[in-house]
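Colleague: Okay, handing you the structure first.
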Amino acid sequence: MRQSIDRRDFLKLAGLGGVVFASGLAGGAKFAGAAQDDFYFVQLSDTHWGFNGPVVNPDAGGTLPKAVAAVNSLDFQPDFVVFTGDLTHTTDDPKERRRRLAEFRDIVKDLKNKNVRFMPGEHDAALDNGQAWKEFFGASYYSFDHKGVHFVAIDNVSDPAARIGEQQLAWLKSDLAKQAADGRIVVFTHRPLFDLYPQWDWATRDGAQAIELLMPHKNVTVFYGHIHQEHHQMTGHIAHHSAKSLIFPLPAPGSQPKRAPILWDPAQPYKGLGFRGVDAEVQKAEYEITEYPVKKA
Amino acid sequence: MKLERRRLLAAGIVTAAGVAFGAVALAQPKEKVIRVTARKWVFLPREIRLKKGVPVVLEFVTADVVMGFNAPDFNARADIIPGKVSRLRLVPDKTGTFVFLCDIFCGDGHEGMSGQIHVVA
């Protein structure tokens, strides 16, 4: 508790205070769960290790190590770090895929915080149903509990058709059945679970089924990646927050005819890239998001 | 009623009516078929021109890997499977330019695999 309060005080003093998002029905009845410490975690996403495109990111080989250094230099270390997919950039060559995954793993070993959770993105997993990714990082969907919050990682990328699939949905149903209706639930996933902009493949084909399973739970917040920018949307009482990328930003949904990376601006290097800290205030089911740049200005 | 129908069948009257109906159907203009080839990583043609309210049948083929055709604005999609012809009937209900894309991750260039449907009045 103390560290979280100290960190929030620090954020305010440093002018870095984030935006507070309450998951849907928070603020009502007192949380029935045992008193829990507040905490914070860091989300990094879409690092696309192996990407090569100098006009898009001339520091493609340096951005991830810089992000790792930036996380290490945070004034307070998070309880854990999560990577929400597209750790590597896609390749048709299975050997090259494994080489990229190995290099990524070795770079992020430099994180001071050793409690790191990984998720696949379609670039990592769609061409071999997640086989190579699992060799390095284990199960592609799972859940865990941390200080009163139930975290669920949903894999909507190992199926190249962007389906969660019946087997995983059955697991999700069974996992959620063990949670209290007012339990604090945070979902990590790669693609948006809702139809954000299917014209750019920003959707999950059976994501509506996952949302239907989550709906009976009063306090659900989803953190995802895939779209390389911040985006905040509600589906009913469920809040969905996408994260920035660590390789290149993408334009706002439907803002131009084609989905194409926003080119590197030499006057503002690393613009649009970054990672976030999420302060979880468990009792209120509130999540304060603070965005951090790859490099301090 | 059943008996009456049987008598009619026996007399060949219903059958004759059916043939007549079939002839009418054949006389109607056939729906236009547009063949779309999907290959790594492009649709050919990339531009499809349609008329609002006029049905077409899109025929998809590929010699490569499993791909997908998705035109979200028309809620129309089909799997494209090597060695098979997939067919999708589409009746455009609005004018404008709309995106279609491959929605099955199919390789290095998958993310650029898209095209446009132009619908005129």
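Any read-out appearing in this document is the output of simple, stated calculations on the displayed coordinates, not a laboratory observation. Bear in mind that the values here come from a model prediction, so they are computed numbers and not experimental data. Cβ sites come from the backbone with ideal geometry, for glycine too, and all protein chains shown count toward neighbours.
Colleague: Simple spin-label model, 7 Å along Cα-to-Cβ: B:Val54 to A:Leu263 in nm?
Modeller: According to this spin-label approximation, the distance is 3.9 nm.
Colleague: Next question, about the same structure. Summarise the partner chain shielding of B:88-99 as one whole number: the mean count of Cβ atoms from other chains within 10 Å of each residue's Cβ.
Modeller: What the average comes to for B:88-99 is 1.
Colleague: Do any of A:Lys244/A:Lys296; A:Lys271/A:Lys295; A:Lys66/A:Lys109; A:Lys114/A:Lys244; B:Lys30/B:Lys51; A:Lys178/A:Lys218 go past 19 Å between their Cα atoms, and which?
Modeller: Pairs exceeding the cut-off: A:Lys114/A:Lys244.
Colleague: Another question, if that's okay. Using the basic label-point model (7 angstrom from Cα toward the beta carbon), what is the A:Asp37 to A:Lys271 distance in nanometres?
Modeller: Result for the modelled spin labels: 4.1 nm.
Colleague: May I pose another question? How large is the Kirkwood hydrodynamic radius of the protein assembly as shown, in angstrom, based on all distinct alpha carbon pairs?
Modeller: Over the protein assembly as shown, the inverse of the mean reciprocal pair distance is 23.7 Å.
Colleague: Here's another thing I want to ask about it. Give me B:Trp41, A:Trp49 ranked fewest to most by other Cβ atoms within 10 Å of their Cβ, as a rough exposure proxy.
Modeller: Least to most surrounded, the residues fall as B:Trp41, A:Trp49.
Colleague: Which order do A:Thr88, B:Thr37 fall in if you start with the one that has the fewest other Cβ atoms within 10 Å?
Modeller: B:Thr37, A:Thr88
Colleague: Another one. Treat each spin label as a single point 7 Å out from the Cα along the C-beta direction, and report the B:His118 to B:Glu47 distance in nm.
Modeller: 0.4 nm
Colleague: Next question, about the same structure. For each of B:Asp93, A:Asp37, B:Asp73, count neighbouring Cβ atoms within 10 Å of the residue's Cβ, then give the residues from fewest to most.
Modeller: Sorted ascending by nearby Cβ count, the order is B:Asp93, A:Asp37, B:Asp73.
Colleague: Taking every residue in A:197-203, how many Cβ atoms of other protein chains lie within 10 Å of its Cβ, on average?
Modeller: For this peptide, the per-residue mean of nearby foreign Cβ atoms is 6.
Colleague: Using alpha carbons only, how many angstrom separate the centre of region A:111-187 from the centre of region B:43-121?
Modeller: 31 Å
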